[in-house]
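To start, the structure under review is shown below, and the notes come after it.
The values are calculated or read from the model by the stated rules, or taken from the named source; none is laboratory data. This structure is a prediction, so every number in the text was calculated from the model and none was measured. Quick reminder, even Gly has a Cβ in these numbers, built from the backbone with ideal geometry, and neighbours come from all protein chains shown.
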Amino acid sequence: MDNKIKLREEIQDKYKWDLTTIYKNDEKWEKDYKKAEKLLEEIPNYKKAFLKSADNLLEFLLFDEKVDRLMNKLYYYAHLNYDSNTLSDNYKKMKEKITNLFSKYAEYTSFVTPSILKLDNNTLEKYYKDNPMLLEYKFMLDDVMRYKPHTLSEEKENMIAIFSKALDSCSKAYSTLIYSDIKFENIKDEDDKEIEFNDNVYSILIKSKNRRVRRDAFMTLFNGYKNYKNIITDLFNGNKEAEISLAKIRNYESAVKASLFSENIDIKVYENLVKCINDNMNVIYKYYKIKKDILGLKDFHIYDTYVDLVKDYDKKYPFEEAKDLALKSLSVLGDDYIKTIKRAFDERWIDVYYNKGKYTGAYSSGFYDTNPFVLLNYKETINDVSTLVHELGHSMHTYYSCKNNKYEYSHYEIFVAEVASTVNELLLANYMLKNSTKKDEKLSILNHIIDMFKATLYRQTMFAEFEYQMYDKKQKEESLTADYISECYYEILKKYFGDEVILDEEIKYEWMRIPHFYYNFYVYKYATGISAACYIVDEILNKKEKALENYLSFLKAGGSMYPLDALKIANVDLTDKKVIESAVKMFDKYIDEFTKVYNS
């Protein structure tokens with residue numbers, strides 16, 4: 001690949017995804033869009049009578065599925081085309097059109113859930129007997145009925161809907177502040193040249209081999225946030241007050257239980273994760289001790305912890321080689337899995353290289369009536385190979401979910417979204433470590449995996465523990481001042497970094513730059529995801545009886561059951577400490593392997 005940024009039309013077709021499998025051309029999309037507009041106009045006709053009988057309810061559910069599927073098909077065609085070329089005004093307009101139509105659809109169907117919640121269980125049971133075809137929707141309807149104790153009168157629900165934007169205002173204001181309005185002092189780079197500093201520049205400079213640059217970046221960033229501590233504290237408090245108040249209004253015991261309710265997650269999962277990681281701090285301490293020794297630093301500061309232990313491995317992995325590595329490393333998942341992966345390559349489900357105007361980053365995206373497409377910006381590095389198998393993991397989860405379920409159960413929950421992708425990353429690392437004969441390559445692979453464990457298993461659990469603590473104190477009506485929050489965060493940092501790392505006082509303000517604290521108990525899912533993946537990989541590689549069969553059954557479960565129940569099919573019980581400990585042990589193993597290879 002040359003370094004010149006190519007236009008979309010200059011990329012060979014074999015490296016571009018084939019979206020004609022969704023619509024042959026834009027004209028067919030426009031035709032279906034007009035059809036969707038007309039279908040939406042029919043929805044109000046169902047409002048009065050859709051619950052009067054089992055047949056009426058079934059008729060509406062089938063009609064709603066028809067509309068939803070059509071609109072999703074329209075959305076994915078527009079969104080994928082736009083992301084592959086954001087310079088296209090045509091696809092920008094198409095994406096805006098279908099997004100607006102979804103808003104109209106949400107407005108038209110707003111009566112559905114409140115109406116169903118007015119039914120009693122006896123009526124629903126009667127409907128199942130009157131028309132057994134409704135039993136196909138029983139899990140979905142039962143899930144809606146779970147919300148009955150937490151749903152208010154129509155008048156009160158309308159009031160909450162009116163105030164919903166106001167309740168989210170602190171989160172939006174925080175995003176605007178940190179992404180647009182915060183200003184930092186300029187900083188000097190490795191060449192002693194003054195440059196404009198921001199959060200993105202920090203993420204690069206904090207890994208600099210030049211210690212002066214790392215320290216300056218660290219001090220500049222967190223002293224910069226410190227200048228905004230009062231406004232960020234107000235936004236933080238406002239966000240927590242809104243979530244706690246809403247939980248109380250809806251009759252939940254706490255904000256955390258309210259957040260776990262939608263995916264039916266037991267609070268024991270959250271508590272088990274935090275306790276297990278707290279009981280295994282020795283492993284992360286060991287990691288920092290090794291890092292300190294390798295870097296040769298007597299005083300090992302927090303701003304030194306992000307430096308890579310090895311130099312960048314400059315081997316290039318052409319896409320064909322990455323494809324070969326993906327197929328070989330994932331072959332342990334069986335013939336059917338590999339057959340489908342080959343289809344992804346052969347049928348052009350993957351958009352490989354960057355072109356001018358293409359969305360940056362990587363993702364997997366698709367639904368019931370499309371292929372699961374993968375967007376990459378492949379640059380031939382070892383990390384790009386890992387990204388490829390990661391996104392293929394998402395795609396295979398989507399593929400199996402869609403092929404083995406009715407439409408209404410084809411979408412798996414966010415809680416399990418990172419399991420399949422992380423399984424693939426771990427299998428790639430295992431394969432490459434076994435088959436590589438080059439020390440630098442092995443160290444690069446190990447460095448990547450160790451960093452993933454540190455960032456996902458320990459750091460995200462640290463965030464989860466802090467978030468839980470802040471909500472708990474807020475719920476007890478304790479005053480959360482900027483200094484108090486910062487000191488609480490600092491105490492948790494001490495526990496997670498141990499005695500090997502000098503925690504410069506400025507790090508106590510790090511909580512101010514973490515946007516996930518406005519996502520309401522989201523971060524723990526990263527840690528449970530990698531834990532589940534480690535447990536699954538261990539069982540598959542150790543050829544435990546039915547391990548592979550059980551894992552594939554988990555992928556096929558989709559949204560037909562709650563995520564904890566789906567994981568149990570793969571023998572994963574996230575209330576059991578052995579699952580979290582499997583990830584800790586794998587992390588420890590890779591640390592030891594890194595040390596052994598480094599010293600060889």
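Using the structure shown, decide if E408 is modelled with pLDDT of 95 or more and over 18 Å from the mean Cα position of the chain (by Cα). Answer is yes for this residue. Please determine whether any residue of the range 259-281 is among the aromatic types (F, W, Y) and within 30 Å of F218 (Cβ to Cβ). Taking every residue of the range 259-281 in turn, none turns out to be among the aromatic types (F, W, Y) and within 30 Å of F218 (Cβ to Cβ).
Quick one: is Y353 over 16 Å from the mean Cα position of the chain (by Cα), on the phi < 0 side of the Ramachandran plot and buried (at least 17 other Cβ atoms within 10 Å of the Cβ)? Answer is yes for this residue.
Looking at the range 402-417, is at least one residue crowded, with 20+ Cβ neighbours inside 10 Å and farther than 30 Å from L135 by Cβ? No, the conditions are met nowhere in the range 402-417. The listed residues are A217, A242, and the only one of them that is surrounded by 16 or more Cβ atoms within 10 Å (Cβ to Cβ), among the small types (G, A, S), closer than 20 Å to I507 by Cβ and in contact with a Ser or Thr (Cβ under 9 Å, 6 or more places away or on another chain) turns out to be A217. The set of residues in the range 329-350 that are touching a residue at least 40 places away in the same chain (Cβ under 8 Å), surrounded by fewer than 21 Cβ atoms within 10 Å (Cβ to Cβ) and among the β-branched types (V, I, T) comprises V332, T340.
Does at least one position in the range 117-134 carry a residue that is closer than 20 Å to K248 by Cβ and in contact (Cβ under 8 Å) with a residue 40 or more places away in the chain? Scanning the range 117-134 turns up no residue that is closer than 20 Å to K248 by Cβ and in contact (Cβ under 8 Å) with a residue 40 or more places away in the chain.
Taken as a whole, the range 575-596 holds no residue that is outside any helix (DSSP H, G or I), out of contact with any Lys or Arg (no Cβ under 9 Å at 6 or more places or on another chain), free of Cβ contacts under 8 Å to residues at least 60 places away in the same chain and under 24 Å from L392 (Cβ atoms).
The helices (runs of 4 or more DSSP H) found wholly in the range 263-382 and carrying at least 3 residues that are touching a Lys or Arg at 6+ places or on another chain (Cβ under 8 Å) occupy 267-278, 281-295.
Taking the criterion of being more than 22 Å from V352 (Cβ to Cβ) and among the β-branched types (V, I, T), the only residue of the range 319-338 that qualifies is V332.
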